[in-house]
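S.K.: Sharing a structure with you now.
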Amino acid sequence: MPDITIEKYKPSDRLNWEDFVDRSNNGTMFHKQAFLDYHHAGKFDFYHLIFRKNGKIIAVLPGGLKDDGNVYWSPVGASYGSFVTGDLPFSECLEIVDAFMAYCKGAGIKEVFLIPPPLVYSKNYSQHIEYAMLYRKFDFELHYISHAIDLKHKQNTFKNYDKTARKTINKILREGKISIRESNDYATFNDILLTNKAKFNVKPTHTLEDMLKLAELMPNNVRLNIVYYEEKPIAGSWLFFCNDKVVLCFYNMLYYEYEHLKPIYLIMHHTVEQAIAEGYEWVDIGVSQDTAAEDPMTPSLNLIYFKERFFSRGILRSTFHYKFSE
C-alpha cells in the first residue's frame, strides 16, 4: 500500500481542513466545515476523512454514514462533496482512491456514493480522481444536467445572449420599472421562496433559519439580491460564491403574479455582471431536471431552453457509486 494514512476528522483539525480546502484545486464552500455547521447537531452522522501522505494532508473528504453505517455518502447536507485535492498527478489520485477503498473495507462500509463538483469548479481542469474511481470500477448512479454561463468573454457576454434575452433586458433597463439590489431581508425572500415552491407542491431545501445561519457563518460566500417593483419586493436570488471561479445561483424565485415584468431576466443579467466585475469565470445556474417526473434524470426542456438564452452550456453533475462485494 502507498504511504497514505486516513484519519477521521476531529474538531481540532478544523483550521487545517479549512485552509486545505481554500488552497485546493477543486474545493468549494460546500466542502468546508463552516458550511456544514449550519446543520443542527445530530441531524447527520458526519464522517469526514483526512488523507495524509508522509504526514502531509493531500486530500480531504467530507461525508457521512447512512443505513446503519453501511453506506458512505459525500456530500451529506451539501450540494457537492467527494475528494478535495490539490492539482495532483494521476498516480497520487489512484493512491488516494485505493487507500479510501481499503479504509471502507476495514470499516465495514458496504457501499459508497460520491458527488464531486462539476469540472468548471476546478482551478486547473483535471479529472484524475474521477478516472481513478472509474478505473477501480466505480459506476454511476445518476447524472443531472446543470447549466453554467462561461464568462470568458467578460463584458461581451451580453452580446452572446439570444435575441429575446437581449431585447427583454434592454427593455427592462430602459423603462426602469423594476430594479435589483443587495439585501439582508431574508424574511421577505423566504416568503417569495415558499410561495414559489408551493405552486409546484415542493418544499425548499432551506428554511429561513438555515439561510440566516449560512449568511452568518459564511458572509463572504452568500449574497441575497432582491428585485423591486415600485419598492415592492417581487423576486429574488440567493447566490453562493462557491470558490474563486464559480458563482452559483442557488435560488432564483419570483411571485408569479409579476412574471409579466420578467424579473428573472434582470436577475440573470445582474448576476452575470456582478460575477464578471468580481473576477469570476463561471455562473452556475443549477440543475435542470423535471422534479415531477418518475425518472429523476428527466430534463426540464422549457427550463433548459430558458437557461440557454443566456449563453449557458450543459455541465454534468454525476454521482459516482461503488458497491463492495460480499
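The values are calculated or read from the model by the stated rules, or taken from the named source; none is laboratory data. Everything numeric in this text was worked out from a predicted model, so none of it was measured. Counting neighbours? That spans all protein chains shown, and the Cβs are built from the backbone with ideal geometry, glycine included.
S.K.: Inspect the stretch 113-120 for any residue being of a type in the set (Val, Ile, Thr), modelled with pLDDT of 95 or more and under 30 Å from SER325 (Cβ atoms) and give the result as yes or no.
M.R.: Yes, there is a match, as at least one residue in the stretch 113-120 is of a type in the set (Val, Ile, Thr), modelled with pLDDT of 95 or more and under 30 Å from SER325 (Cβ atoms).
S.K.: Any idea which of LEU142, LEU88 is surrounded by 14 or more Cβ atoms within 10 Å (Cβ to Cβ) and not assigned by TED's automatic domain parsing to the domain that holds VAL76?
M.R.: Among LEU142, LEU88, only LEU142 is surrounded by 14 or more Cβ atoms within 10 Å (Cβ to Cβ) and not assigned by TED's automatic domain parsing to the domain that holds VAL76.
S.K.: Also, quick follow-up: Any residue in the stretch 126-141 that is modelled with pLDDT under 95, within 29 Å of GLU326 (Cα to Cα) and out of contact with any His (no Cβ under 9 Å at 6 or more places or on another chain)?
M.R.: No, there is no match, as no residue in the stretch 126-141 is modelled with pLDDT under 95, within 29 Å of GLU326 (Cα to Cα) and out of contact with any His (no Cβ under 9 Å at 6 or more places or on another chain).
S.K.: Which residue, of ASN170, ASN156, ASN124, is within 22 Å of LEU261 (Cα to Cα) and of a type in the set (S, T, N, Q)?
M.R.: That would be ASN170, the only listed residue that is within 22 Å of LEU261 (Cα to Cα) and of a type in the set (S, T, N, Q).
S.K.: Another question, then. Filter the stretch 301-326 down to residues that are among the β-branched types (Val, Ile, Thr) and under 23 Å from TRP238 (Cβ atoms) and give me whichever is surrounded by the fewest Cβ atoms within 10 Å (Cβ to Cβ).
M.R.: Filtering the stretch 301-326 for residues that are among the β-branched types (Val, Ile, Thr) and under 23 Å from TRP238 (Cβ atoms), the one surrounded by the fewest Cβ atoms within 10 Å (Cβ to Cβ) comes out as ILE304.
S.K.: Please note which helices (runs of 4 or more DSSP H) are completely contained in the stretch 174-279 and include at least 1 residues that are at pLDDT 95 or above and over 22 Å from PHE310 (Cβ atoms). Write out each step before concluding.
M.R.: On the way: elements: 186-198, 208-217, 263-277.
Per the criteria, 186-198, 208-217.
S.K.: Right, something else. If you check LYS105, LYS152, LYS159, which single one turns out to be over 26 Å from ASN16 (Cβ atoms) and assigned to a loop (DSSP other than H, G, I, E, B)?
M.R.: Going through LYS105, LYS152, LYS159 in turn, the sole match is LYS152.
S.K.: So which of THR298, THR271 ends up being surrounded by fewer than 20 Cβ atoms within 10 Å (Cβ to Cβ), in the same structural domain as LYS171 (by TED's automatic domain parsing) and of a type in the set (Val, Ile, Thr)?
M.R.: Working: THR271 fails: surrounded by fewer than 20 Cβ atoms within 10 Å (Cβ to Cβ).
Criteria check complete, one pass: THR298.
S.K.: Which members of the stretch 64-85 meet the condition of being crowded, with 22+ Cβ neighbours inside 10 Å and either closer than 17 Å to ASN16 by Cα or at pLDDT below 95 (or both)?
M.R.: Hits for the stretch 64-85 are PHE83, VAL84, THR85.
S.K.: Shifting gears a bit: Would the stretch 25-37 turn up any residue that is surrounded by fewer than 18 Cβ atoms within 10 Å (Cβ to Cβ) and out of contact with any Leu (no Cβ under 9 Å at 6 or more places or on another chain)?
M.R.: no
S.K.: Would you point out which residue out of ILE109, ILE96, ILE129 is surrounded by 21 or more Cβ atoms within 10 Å (Cβ to Cβ), over 26 Å from VAL247 (Cβ atoms) and in contact (Cβ under 8 Å) with a residue 40 or more places away in the chain?
M.R.: Working: ILE109 fails: surrounded by 21 or more Cβ atoms within 10 Å (Cβ to Cβ); ILE129 fails: over 26 Å from VAL247 (Cβ atoms).
Of ILE109, ILE96, ILE129, the one residue that is surrounded by 21 or more Cβ atoms within 10 Å (Cβ to Cβ), over 26 Å from VAL247 (Cβ atoms) and in contact (Cβ under 8 Å) with a residue 40 or more places away in the chain is ILE96.
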